[in-house]
1. What accessible area, in Å² to the nearest ten, does a 1.4 Å probe give for Ile19?
2. Rounded to two decimal places and with Rh computed the Kirkwood way over Cα pairs, what is Rg over Rh for segment 78-142?
3. Put Tyr197, Tyr119, Tyr173 in order of accessible area, largest first, 1.4 Å probe: what do you get?
4. Ignoring ligands and nucleic acids, what accessible area does His31 show with a 1.4 Å probe (Å², nearest 10)?
5. Stretched out fully, how many nm does the piece from His29 to Arg170 gain, at 0.36 nm a residue minus the Cα gap?
6. Quick one: which residues, 5+ away or cross-chain, put their amide H under 5 Å from the amide H of Ala172? H built at 1.01 Å from N.
7. Per 0.36 nm of contour for each residue apart, how much would the distance between Asp200 and Ile86 grow if the chain were fully extended, relative to their Cα-Cα spacing?
8. Can you compute the FRET efficiency between Thr11 and Leu122 using 1/(1 + (r/R0)^6), with r the Cβ-Cβ distance and R0 = 51 Å? Round to the nearest 0.05.
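The values are calculated or read from the model by the stated rules, or taken from the named source; none is laboratory data. The model shown is predicted, which means the values in this text are computed figures rather than measured ones. Glycine also receives a Cβ, built like all others from the backbone with ideal geometry; neighbour counts cover every protein chain displayed. All accessible areas refer to the heavy atoms of the entire protein, side chains included, with ligands and DNA or RNA removed. Shrake-Rupley method; radii C 1.70, N 1.55, O 1.52, S 1.80 Å.
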Amino acid sequence: SKQTTALLSPTIVLPLGIIVPIVATKVWHNHPLRQFMAAFRFRVTFVALIDVLMLLTVRSYKNNDGIIMGTLNSALSQILFWGLLILSTACQTIVQSLQFNAQMTFFASRVDPAIGGSYMTLLNTFANLGGTWPSSAVMYLVGQLTVPPKCDAILGEDGETVGEVCTGGRDAYFPLQLGLSILGCLWVMVMKKRVQYIADLPDDAWRTHIGEVEEDENGETGKERGGGSMEMRKGWWWRTKKGRKNA
């Protein structure tokens, strides 16, 4: 039932969301991109396989009209169904927590203190955009590529419909799952060195150097990095402040 499924959130998702980041810091020792790549490999292989097995288990308890039966065939089948459902939920929670924790740790360690809040917001915005649009794209592809079955009504002796028989149709979930899992594995092989290169970049490579004073050829410190002399910036700030007072 929906009530039983809803119990999975406080009993599985919440404890794992607390425990996984603590364990991750002990395993990867502040190497967030290694943690991210390990979780990603696990996500596109084992987690995808568990999700397919769970869906096949659900399909095995469907009747011809595609509605899930209210009771399962045996106690063993019920254990198998709930076991795969709990395992799938736990695996999804683990990889999501690992990737989110790695993302936040990496951003926090590379953020520029000069514009800390703005820098962190910018990095999170791009990360959220990259992690949000694939879900919408996949749901769109599932809807476009799925072909519903053709169903014929079964009439009883009194002429009333007692059921229906469905034939044909195509579910796009399985080919999409396979194709995207292969694409994820190819991404890991192609981008592995690039990710390691980004992880090895020094902290100075992530700095904007805004507000830092640099010396000219004569050893004078009259300019700031980011453009314009200090006197020009002070004059612009004073004129702006004076104009606001007059307004």
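1. Accessible area of Ile19: about 90 Å².
2. Details: Rg = 16.9 Å, Rh = 14.4 Å.
Using only Cα positions, Rg/Rh for segment 78-142 is 1.17.
3. Working: Tyr197 120, Tyr119 30, Tyr173 65 Å².
Result, largest first: Tyr197, Tyr173, Tyr119.
4. 80
5. Numbers: separation 141, 0.36 × 141 = 50.76 nm, distance 4.61 nm.
Taking 0.36 nm per residue and subtracting the Cα distance, the gain is 46.1 nm.
6. Placed amide hydrogens put Thr146, Val147 under 5 Å from Ala172.
7. Values: separation 114, 0.36 × 114 = 41.04 nm, distance 3.76 nm.
In short, 37.3 nm is gained.
8. Numbers: r = 37 Å, r/R0 = 0.72.
With R0 = 51 Å, the Cβ-Cβ based efficiency is 0.90.
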